[in-house]
Amino acid sequence: MNKITIGVIGAGRIGKIHADNLLRHPHARIAAISDLYAGAELEAWAAERGIGLLAQDSAEIINHPEIDAVFICSSTDTHVPLIKQAAQAGKHIFCEKPISMDIGQTEEALAAVRQAGVKLQVGFNRRFDHNFRRVREHVAGGAIGEPHIIKITSRDPGPPPKEYIERSGGLFMDMAIHDFDMARYVSGSEVVEVYAQGSVLIDPVFAECGDIDTALITLRFANGALGVIDNSRRAVYGYDQRVEVFGSKGSVATANDHPNTAVISTAEGIAYDKPLHFFLERYAQAYVEEAQQFIDSLLSGAPVPVSGEDGLQAERIALAAKLSCKLQRAVKLSELDELRREYAPI
Ligand SMILES: NC(=O)c1ccc[n+]([C@@H]2O[C@H](COP(=O)([O-])OP(=O)(O)OC[C@H]3O[C@@H](n4cnc5c(N)ncnc54)[C@H](O)[C@@H]3O)[C@@H](O)[C@H]2O)c1
């Protein structure tokens, strides 16, 4: 096999990005795409790209005899049933983050994947960002010695609409989940304890939806290192995505990516343009790279670079953060199952 045939489920923001990247991949072809709202606009979009089948029902993708692998890019509440169905049909799976908002359901999906013996990669695209990958390489290569402090800044340029907030699963599960994965990725260690604080400082709509818009999260890692993540749903100066790892022999840190390097210096001051606008711009190349590595691992038989277990671990940290914020105390990952039973659903 030197070409993987793909079916894409969900043709929204992220589904279209993945589809366009896969269409440019020399060892992938898209046989079909499905979306609940497969209207005239989407038909034109698929026809323009030479995608042969546009279906409303994802079963047409999952049962398609030519399809080797599916990209699950539909809304989060559909991921678990689709993973189970695809695994049962023997399809390899790329699934967008998070796998689900309920770690019990995520565990069930992972069990179905194991039983079927198919591959599952989770869409933690930031691992493929050129800056963060370099941080990880320096830490793993020992350049900064033993990691002591991991600092992650993750601030969006503006809040999403109310309809999104209501169904997002909350800041920890929807937004900070990328940062929890980043913390594990750059530190090379597991998070064992979380203490999270949250506030509503940007828009009361977050409180109306039972959510927060600003958070500060401290982490303790199994190797003794400490971490801090700060999140905001609105940074007026643009998408702010930075990481620093400080260790016994030094530190490694990244700056934001900008659309250009022009600097305007005048009597009033020195200025340059805001960072790349949001995730679609900042992580454009990371999306290409994650799809590429998924295809490569299907072709070579090598393990996928981001596993279902990675997806589950990040969800466990997100749940610990949610509980910590609610209980106003530090939460150990080892007490999560007990707390889950006591407070479910939180
Ligand atoms: N990794 C990232 O950077 C990133 C970025 C954005 C979104 N996401 C994740 O991707 C997923 C989709 O997010 P989005 O922003 O593209 O949402 P979206 O609302 O733009 O798109 C989702 C699409 O899925 C379709 N859909 C829903 N149920 C379906 C089903 N059963 N079968 C087929 N299609 C179905 C909807 O009609 C919609 O067009 C979410 O899980 C989200 O968390 C990840």
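Overview of results
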item: Under-5 Å amide H pairs with ILE93, H placed in peptide plane, nonlocal only; result: VAL70, LYS119, LEU120, GLN121
item: Partners for LYS91 among aspartates and glutamates (Cα-Cα distance below 16 Å; same-chain residues under 8 apart left out); result: GLU60, GLU66, ASP68, ASP296
item: Two-site FRET efficiency, TYR237 against GLU48, from Cβ-Cβ distance with R₀ of 41 Å, rounded to 0.05; result: 0.65
item: Structure-based [θ]222 nm, the chain - -39500 (n - 2.57) summed over DSSP H runs of at least 4, per residue, nearest 500; result: -11000 deg cm²/dmol
item: Karplus 3J(HN,Hα) series, Hz, for the stretch 53-67 with 6.51 cos²θ - 1.76 cosθ + 1.60 (x for Gly, Pro); result: 10, 10, 10, 8, 9, 5, 4, 5, 7, 5, 9, 6, x, 7, 7
item: Overall form of the stretch 91-175 per C-alpha gyration tensor (a/c, 1.5; a/b vs b/c); result: oblate
item: Eligible lysines near LYS322 by straight Cα distance, threshold 29 Å, same-chain separation 8 or greater; result: LYS84, LYS97, LYS151, LYS162, LYS332
item: Residue among ASP174, ASP273, ASP213 with the largest mean-square fluctuation in a Gaussian network model of the chain, springs linking Cα atoms under 10 Å; result: ASP273
item: Enclosed volume per residue, in Å³, of the convex hull spanned by Cα atoms of the stretch 4-118; result: 86
item: Rounded FRET efficiency, nearest 0.05, which uses the C-beta distance separating GLU309 from GLU342 and R0 of 25 Å; result: 0.50
item: Mean separation of Cα contacts under 8 Å (6+ apart) over length of the stretch 22-123, as relative contact order %; result: 21
item: Dipole magnitude of the chain about its Cα centre (Cβ charges: Lys, Arg +1; Asp, Glu -1), debye to nearest 20; result: 720
item: When the convex hull of its Cα atoms is projected in every direction, mean area for the chain (nm²); result: 19.6
item: Mean-position separation - Cα centroids, the stretch 19-89 and the stretch 166-241, in angstrom; result: 31
item: Tensor-based shape of the stretch 249-346 (alpha-carbon gyration tensor, a/c under 1.5 rounded, otherwise prolate or oblate); result: oblate
item: Amide H contacts of VAL192 (H built 1.01 Å from N, under 5 Å, at least 5 apart or other chain); result: ARG220, PHE221, ALA222
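Since every read-out is calculated from the coordinates, none of them should be taken as a lab result. Here the structure is a predicted model, which means the values were calculated and not measured. Here Cβ is always computed from backbone atoms with ideal geometry, including for glycine, and neighbour counts include all displayed protein chains.
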